[in-house]
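To keep things clear, I will list the structure first and then write my remarks on it.
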Amino acid sequence: MIRAGIIGATGYAGGELVRLLLGHSDTEIRWFGSKSYIDQKYAQVYRNMFELVEDICLDDNLTELASQVDVIFTATPQGYLASILTEEILNQVKIIDLSADYRIKDVSIYEAWYQIEHKSPQFLKEAVYGLCEVNRETIRSARLVANPGCYTTCSILTAYPLVKEGLIDPNSLIIDAKSGVSGAGRGAKVPNLFCEVNENIKAYGVASHRHTPEIEEQLGYAAGRPVTVSFTPHLIPMNRGILATEYATLVKPVSYSQVKAIYDQYYADEKFIRVLDEGVCPETRWVEGSNFVDINFKIDERTGRIVLMGALDNLVKGAAGQAVQNMNLLFGKPETEGLAFAPIFP
């Protein structure tokens, strides 16, 4: 039985972790860390957990709590884990970090995009980027897993096979992505109020969103050279979901069957990636509440470009579900354990 602890258990990603781990046959949640709700019952914060979770929320003293568990999930703001992580903690417990603290290898790039000082850059080299479909074997032996972001997971997985195979010019890649409001977290912010979000769609972080270098770094590994992309996120009035529509220049004329064969080569055996039938566009409603990523493409012969499309649930495959998938790899469990459920609809 895997003993798990969650720091940031009362945020949206933390709450989703609780839901998923309660359904995991080989995991027991030993404690729920939440600085905002210390000594309050977890089920009073999330009443869907009434009579399912009886624990109270604890402080986030990682040094003290590490000895009680086998794995810690840190669903915390950027900079939190980097400010407290030590070799002593990593020698006791495996950590899956849902923030961006260890996703980007170049500390100067992290500090420039996130505008904070990285307090433990000595762990950047060993941290494994937890995109399971790409780094599966490396994840298995890791002590520290950097769980990818929601926009990045969708954007990277949608384009990865074609970048890896050199079928598109990665520097021509334009990513237009849209997210539900839960992606902004549970904190009280005026831009996320109902009247601000409802009946509206807006771009934000234009030419400056901090997931950009994460996408560029990972696709750069696939391309074998540095990559520069254009990434623009949008906020839309729904609870969950990411939809990425990506445009890239083809390096040569290709047929549908040739592109489909490449996607099948990479994803045919992946349980959580579904390459849709020809002509079917991914939709967020068909992945909601699940760990699936739906992907498809359309060749635009008129322009010599290809349109790539991907959809996922930002709280599951884009956060908590991917974290559980990483945990399964770390502890030698079936990768689908606790995650093999259908999307919910309506």
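Each reported figure results from applying straightforward, stated rules to the coordinates on display, with no laboratory input. In this text the structure is predicted, and so the values were computed from the model without any measurement. Cβ coordinates were reconstructed from backbone atoms using ideal geometry, including for glycine residues, and neighbour counts include every protein chain displayed.
Hey, could you grab the Kirkwood Rh for segment 151-314? Inverse mean 1/r over distinct alpha carbon pairs, Å, one decimal.
Over segment 151-314, the inverse of the mean reciprocal pair distance is 16.3 Å.
How many percent of Cα pairs in segment 277-336 exceed 15 Å? Working shown, then result.
Numbers: 1036 of 1770 pairs.
Tail fraction, whole percent: 59.
HN-Hα J couplings of segment 30-39 from phi, Karplus 6.51/-1.76/1.60, θ = phi - 60°, integer Hz, Gly and Pro as x?
Going residue by residue, I get 8, 7, 10, x, 7, 5, 7, 10, 4, 6 Hz, with x marking Gly and Pro.
Could you give each residue of segment 201-218 its phi-based ³J(HN,Hα) in whole Hz, using Karplus coefficients 6.51, -1.76, 1.60 with θ = phi - 60°, and x for Gly or Pro?
These are the phi-based 3J(HN,Hα) values: 9, 8, 7, 8, x, 5, 6, 8, 5, 6, 7, 4, x, 5, 5, 4, 5, 5 Hz.
In whole Å, what is the distance between the alpha-carbon centres of segment 67-130 and segment 289-306?
First find each Cα centre; the distance between them is then 33 Å.
Could you quote the convex hull projected area for the chain, Cα atoms only and averaged over all directions, in nm²?
17.1
Fewest to most neighbouring Cβ within 10 Å: what's the order for 254, 190, 145?
Ascending number of Cβ neighbours within 10 Å: 190, 254, 145.
Under 16 Å Cα to Cα from residue 119, which aspartates and glutamates show up? Leave out anything in the same chain fewer than 8 places away.
Output for residue 119: 87, 88, 97, 101, 106, 111.
Arrange the following residues from fewest to most other Cβ atoms within 10 Å of their Cβ: 331, 123.
331, 123
Total Lys pairs in segment 221-346 closer than 27 Å by alpha-carbon, pairs eight or more apart in sequence or interchain only?
So the count of such lysine pairs works out to 10.
Given Cα positions, please report Rg to Rh for segment 46-97, the hydrodynamic radius being the Kirkwood one.
1.03
Could you grab the relative contact order for the chain? Cα pairs under 8 Å, six or more apart, rounded to a whole percent.
RCO, the chain: 17 percent.
How many nm is it between the label spots at residue 115 and residue 195, if each spot is 7 Å from the Cα in line with the beta carbon?
2.7
Could you state the per residue volume, in Å³, of the convex hull enclosing the Cα atoms of segment 2-126?
Taking the convex hull of the Cα positions in segment 2-126, it is 103 Å³ per residue.
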